[in-house]
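Note sheet for the following structure.
The values are calculated or read from the model by the stated rules, or taken from the named source; none is laboratory data. Note that the coordinates shown come from a computational prediction; the quantities given were computed from them, not determined experimentally. All Cβ positions, even for glycine, are placed from backbone atoms using ideal geometry, and neighbour counts span all protein chains on display.
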């Protein structure tokens with residue numbers, strides 16, 4: 001049974017791009033996929049940071065899952081500073097499990113061990129990002145940050161979400177918005 005997050009959620013299924021003034025080092029030059037955004041708050045996953053301290057095979061071994069050759073090229077992403085021991089798989093819509101939440105028609109989110117087993121067995125989603133932790137905002141917090149020009153929003157596509165060029169993902173997102181990132185000021189204000 002798939003669950004579809006309600007349409008009308010303000011930024012669910014969109015990407016945030018940190019402005020140069022971002023002072024939190026967790027989010028400097030971050031691109032964040034927003035999984036849900038409601039009046040109660042927002043949750044997303046950072047798309048362009050990895051965790052070097054643990055590999056996907058290491059994680060599978062800790063969970064008692066058989067490591068296969070498929071596992072070697074998969075990176076573990078830093079999803080955000082909240083609940084760093086909790087895992088999430090953001091993935092293409094071709095994978096479906098009863099615990100999968102469909103963010104939109106193209107992207108699902110699964111946070112169970114079953115998706116990790118499926119990936120290790122070669123039966124997982126066509127494209128995915130495994131993340132530990134998440135980015136979270138309390139009620140109204142993300143809206144306030146948007147009004148303060150801390151984030152820009154960009155509609156995602158498969159390459160922006162799942163593409164492997166993490167070092168250039170922020171610049172790619174800015175380019176999609178028609179912005180030359182070299183021209184952005186670290187100062188901000190309102191007209």
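For region 75-127, give me each residue that is part of a loop (DSSP other than H, G, I, E, B), at pLDDT 95 or above and touching a helix residue (DSSP H, G or I) at 6+ places or on another chain (Cβ under 6 Å).
Answer for region 75-127, where residues must be part of a loop (DSSP other than H, G, I, E, B), at pLDDT 95 or above and touching a helix residue (DSSP H, G or I) at 6+ places or on another chain (Cβ under 6 Å): just 127.
Under 7 Å by Cβ, and 6 or more places apart or on different chains, what pairs join a residue from region 1-24 that is under 13 Å from residue 108 (Cα atoms) with one that is modelled with pLDDT under 90?
Listed pairs, sorted by first residue: 12/5.
Among what's in region 166-178 and is within 18 Å of residue 145 (Cβ to Cβ) and more than 14 Å from the chain's Cα centre (by Cα), pick the residue that is modelled with the lowest pLDDT.
Start the filter on region 166-178 by keeping residues that are within 18 Å of residue 145 (Cβ to Cβ), which leaves 170, 173-174, 177.
Filter once more, keeping what is more than 14 Å from the chain's Cα centre (by Cα): 174, 177.
Values: 174: 93, 177: 88.
Only one residue tops the list, namely 177.
Within region 1-28, track down each residue that is at pLDDT below 95, within 23 Å of residue 86 (Cα to Cα) and either part of a strand (DSSP E or B) or touching a helix residue (DSSP H, G or I) at 6+ places or on another chain (Cβ under 8 Å) (or both).
Matches in region 1-28: 3, 4, 11.
Within region 150-165, track down each residue that is surrounded by fewer than 18 Cβ atoms within 10 Å (Cβ to Cβ), at pLDDT 90 or above and assigned to a loop (DSSP other than H, G, I, E, B).
Correct list: 155, 157, 163, 165.
Table: residues versus (1) surrounded by fewer than 22 Cβ atoms within 10 Å (Cβ to Cβ); (2) within 27 Å of residue 155 (Cβ to Cβ); (3) in contact (Cβ under 8 Å) with a residue 40 or more places away in the chain.
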position	(1), (2), (3)
33	no, yes, yes
42	no, yes, yes
52	yes, no, no
106	yes, yes, yes
111	yes, yes, no
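Suppose we filter 16, 63, 90 for residues that are surrounded by 13 or more Cβ atoms within 10 Å (Cβ to Cβ) and either out of contact with any strand residue (DSSP E or B) (no Cβ under 8 Å at 6 or more places or on another chain) or within 17 Å of residue 146 (Cβ to Cβ) (or both); which single one remains? Quick ask: steps written out before the conclusion?
Numbers: 63 fails: surrounded by 13 or more Cβ atoms within 10 Å (Cβ to Cβ); 90 fails: either out of contact with any strand residue (DSSP E or B) (no Cβ under 8 Å at 6 or more places or on another chain) or within 17 Å of residue 146 (Cβ to Cβ) (or both).
The unique qualifying residue is 16.
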